[in-house]
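The values are calculated or read from the model by the stated rules, or taken from the named source; none is laboratory data. The structure presented is a predicted model; accordingly, all values stated were derived computationally and were not measured. Quick reminder, even Gly has a Cβ in these numbers, built from the backbone with ideal geometry, and neighbours come from all protein chains shown.
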Amino acid sequence: MSQRIYIFDTTLRDGEQVPGSQLTTEEKIVVAKELERLGVDVIEAGFPVSSPGDFRSVVEISKAVSEPVVCALSRAKKEDIDAAGEALKYAKRKRIHTGIGSSDIHIRNKFNSTRDQILEQAIAAVKHARTYVDDVEFYAEDAGRADLEFLARLTEAVIGAGATVVNIPDTTGYCLPDEYGQKIRYIYENVSNVHQAIISIHCHNDLGLATANTLAGIQAGARQVEVTINGIGERAGNTSLEEVVMALKVHQELGFETNIDARRLYPMSQLVSQMMRMPVQPNKAIVGRNAFAHSSGIHQDGFLKHSENYEIMNPHDVGVPESSIVLTARSGRHALKHRLELLGYRYDKPTLDTIYKRFLDMADIRKEVNDKDLMELVR
């Protein structure tokens, strides 16, 4: 039987922290409704104490969606938690996400505090959040660089205080996959009450390892992943929702499943890209323009013979209309013949060889040959 992985989407909170990509409340509602249709389990709607606009966005998203849990972020401060609780009052299903730094780097240099004081503050924050909601998530910020023994003590303490989810984030994208997996495994092996809560993972992409670390965390026992559409977020971004979902879908032997309707991934990617004015890089996995494009002659020939030669996913499964054969100077006769036949032109082999030589001359000059160019060529 497959094990369920819960998808916590933070596009509207961590993703929206990208400079120049802020959304209005009305735009956030549009995205939130599409996230609900996509099938995410939790929508982190904002950080209410940070601004009146963020407070209003959490209020209005709470009214607009009914299936996902609506989550509001706070620091481990009473005023933050009060603002989050107030902003969530209309949510059908609500969660406060509160927390504090767990690494000695943060404890000393950010909070000018001690481990014992951090423990006390964390416990108090969780208990206060529980006066507003039954579902409280605690984040141990910078857990990727935290001392393992202290991280386990902190996790056990906040679960004891009433946390239903504990987030072990690699806030700075520091960890390597095996290291991060071992960290999650250590939590399971050394926290006596760990099965009273869901362990969540929130990875950043500073070393390009966010998706790899997230998958390592899942395999080590974590059952909630914190992700964004297109992997947007602070600095180099967050774990990409579409990459994790499709990695689990392609590798069914791992035995995990999500509630995501994968056919909505590409349209969702396009919506977020347009509304947040952040173009998707062409070679982005799953949703990039070139994710299902073939331009090498060897690849084109193999793909045309059998798509699984070079595609491990069907583009329709993620909402991409179709794969594409891009004609360049690297393309072979098979690809040229295929495109000409789609345009209604059929030639014997000697004629096709002649056209192919002229095609290569054109491709060297124009770099990419489109259908209009081909019609000009055969005329």
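Under 30 Å from His251 (Cβ atoms), of a type in the set (D, E, K, R), touching a Gly at 6+ places or on another chain (Cβ under 7 Å) and not assigned by TED's automatic domain parsing to the domain that holds Arg264 - does that describe any residue in segment 293-303? For segment 293-303, residues under 30 Å from His251 (Cβ atoms), of a type in the set (D, E, K, R), touching a Gly at 6+ places or on another chain (Cβ under 7 Å) and not assigned by TED's automatic domain parsing to the domain that holds Arg264: present. Those residues that are surrounded by fewer than 24 Cβ atoms within 10 Å (Cβ to Cβ), closer than 23 Å to Gln17 by Cβ and aliphatic (A, V, I, L, M), I need them from segment 192-231; list them, please. If the condition is that a residue be surrounded by fewer than 24 Cβ atoms within 10 Å (Cβ to Cβ), closer than 23 Å to Gln17 by Cβ and aliphatic (A, V, I, L, M), then Leu207, Leu209, Ala212 are the ones that fit. Being assigned by TED's automatic domain parsing to the domain that holds Leu148 and at pLDDT 95 or above holds for only one residue in Glu67, Glu16, and it is Glu67. In the set (1) more than 19 Å from the chain's Cα centre (by Cα); (2) in a helix (DSSP H, G or I); (3) within 27 Å of Lys77 (Cβ to Cβ), Tyr186 fails one condition alone, (3).
Within segment 161-172, residues that are over 17 Å from His106 (Cβ atoms) and free of Cβ contacts under 8 Å to residues at least 40 places away in the same chain sit with their Cβ atoms under 6 Å from residues that are basic (Lys, Arg) and surrounded by fewer than 23 Cβ atoms within 10 Å (Cβ to Cβ), at 6+ positions apart or across chains, in these pairs: Ala161/Lys127; Gly162/Arg130. Tallying residues that are surrounded by 13 or more Cβ atoms within 10 Å (Cβ to Cβ) and touching a residue at least 12 places away in the same chain (Cβ under 8 Å) within segment 302-325 yields 15.
Evaluate segment 261-274: report whether one residue or more is out of contact with any strand residue (DSSP E or B) (no Cβ under 9 Å at 6 or more places or on another chain) and over 18 Å from Leu38 (Cβ atoms). No; the residues of segment 261-274 include none that is out of contact with any strand residue (DSSP E or B) (no Cβ under 9 Å at 6 or more places or on another chain) and over 18 Å from Leu38 (Cβ atoms). Count of segment 123-157 residues, restricted to those that are assigned to a helix (DSSP H, G or I) and within 27 Å of the chain's Cα centre (by Cα), is 10. Taking the criterion of being surrounded by fewer than 24 Cβ atoms within 10 Å (Cβ to Cβ) and either under 14 Å from Arg185 (Cβ atoms) or charged (D, E, K, R) (or both), the residues of segment 152-163 that qualify are Ala152, Arg153, Glu156.
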